[in-house]
Amino acid sequence: MSSIGKPVCVREYESLAQQVLPRPIFNFIRGGAEEQSTVGDNENAFKRYRFLPRMLCGVSKPSLETVVLGQRVSMPIGVAPMGMQKLVDPDGEMATARAVQSMDTIMVVSTVSSCSMEEVAAAAPRAIKWFQLYILDNQEYSRQLVQRAEKSGFQAIVLTADAPRIGKRWDTQRDSFVLPAHVKLPHLTQGADSLGNISDRMVPALTWSTVAWLCSITKLPVLVKGILTAEDAVLAARHGAAGVFVSNHGGRQLDSAIASV
């Protein structure tokens, strides 16, 4: 039982998770690359932001609604692609999708999801769903994943650009982390039970022509995830991307990369 009572904020949920999850799983979820400098910088960067409120504006019915890629959402907050969610819940990404649907916002489903995109789509048919794509093994298999996403009603493709290899995560190396037997990765063409196996299958030689190719094989909007400079944002647009994710992969890839805000 938690020593903090009912959690009421993210930090308390993190503390509760540390109490109830096996250490290797908690370290895998919480940890970042190497010394985790970028993880700390991300948190500190958010803390530096402050509100400058205006008064007497008549806010009896406040709304955070906005439009993203033509879709109306209840707030400018969505769920980023997080793989292997059956590590912590038997329904995995399906449970997250149902929660996202209830909040009328966006979920990005990972290539390394522990539920197939078809299962996620069936679990939350009204949710706005985007599919995050790693280029694994070869472009032809990636094409098949995109076609499956289209058929399953996904509304965008998110290409991860900042993971030519999985970052060195010292905590998971110390724990010799492997996936439990009940956690499968149905979007992969063959078994993968460790971060090393997945990393070996990533195609490291992606270029801006990969973005143009991806745009050419789908009618869905393509976004590029992992952009940290204005120059790369411009190049993404020039090669057909509909948008970018300003992201450093949660500090899990290249330690000492700048914070994303």
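The values are calculated or read from the model by the stated rules, or taken from the named source; none is laboratory data. Because the structure is predicted, anything quoted here is derived from the model rather than measured. Cβ sites come from the backbone with ideal geometry, for glycine too, and all protein chains shown count toward neighbours. Just so you know, the surface numbers come from the protein's heavy atoms only, side chains and all, with ligands and any DNA or RNA stripped out. Shrake-Rupley method; radii C 1.70, N 1.55, O 1.52, S 1.80 Å.
Shown here for the stretch 22-76: chymotrypsin sites (Phe, Trp or Tyr not before Pro) in loop regions (DSSP other than H, G, I, E, B) with at most 10 other Cβ atoms within 10 Å, namely TYR49, PHE51. Charge dipole (Cα centre; +1 on Lys/Arg Cβ, -1 on Asp/Glu Cβ; no other charges) of the chain amounts to roughly 600 debye.
The Cα-based radius of gyration of the stretch 32-138, divided by its Kirkwood radius, gives an Rg/Rh of 1.06. When THR207, THR160 are compared by accessible surface with a 1.4 Å probe, the order from highest to lowest is THR207, THR160. Less than 5 angstrom separates the built amide H of VAL109 from those of TRP130, PHE131, GLN132, all sequence-distant by 5 or more or on a different chain. Size of the chain from its Cα atoms: along the principal axes, largest to smallest, the extents are 55, 42, 38 Å.
Using only the C-alpha atoms of the stretch 148-188, find the volume of their convex hull and express it per residue in Å³.
121 Å³
Residue by residue, the stretch 126-133 carries 3J(HN,Hα) couplings of 8, 6, 7, 10, 10, 10, 8, 10 Hz when phi is fed to the Karplus relation 6.51 cos²θ - 1.76 cosθ + 1.60 (θ = phi - 60°); x denotes Gly or Pro.
Qualifying trypsin sites (Lys or Arg not before Pro) in the stretch 1-81, where qualification requires a DSSP coil assignment and no more than 14 other C-beta atoms within 10 Å, comprise ARG50, ARG54. Can you give the Rg to Rh ratio for the stretch 135-261, taking only C-alpha atoms and Rh from Kirkwood? Result for the stretch 135-261 is an Rg/Rh of 0.98. The listed peptides 148-155, 250-257, ordered by packing as a protection proxy, come out as 250-257, 148-155 (highest mean of other Cβ atoms within 10 Å first).
Think of it as helices only: each DSSP H run of n ≥ 4 in the chain is worth -39500 (n - 2.57), and spread over all residues that comes to -10000 deg cm²/dmol at 222 nm. Summary of packing: across the peptides 121-131, 225-235, the per-residue average of other C-beta atoms within 10 Å ranks them, highest first, as 121-131, 225-235.
Highest-first packing order for the peptide set 243-249, 114-120, 13-19 is 114-120, 243-249, 13-19, based on the mean count of other beta carbon atoms within 10 Å. Distance between the C-alpha centres of the stretch 114-182 and the stretch 73-113: 12 Å, rounded to the whole angstrom.
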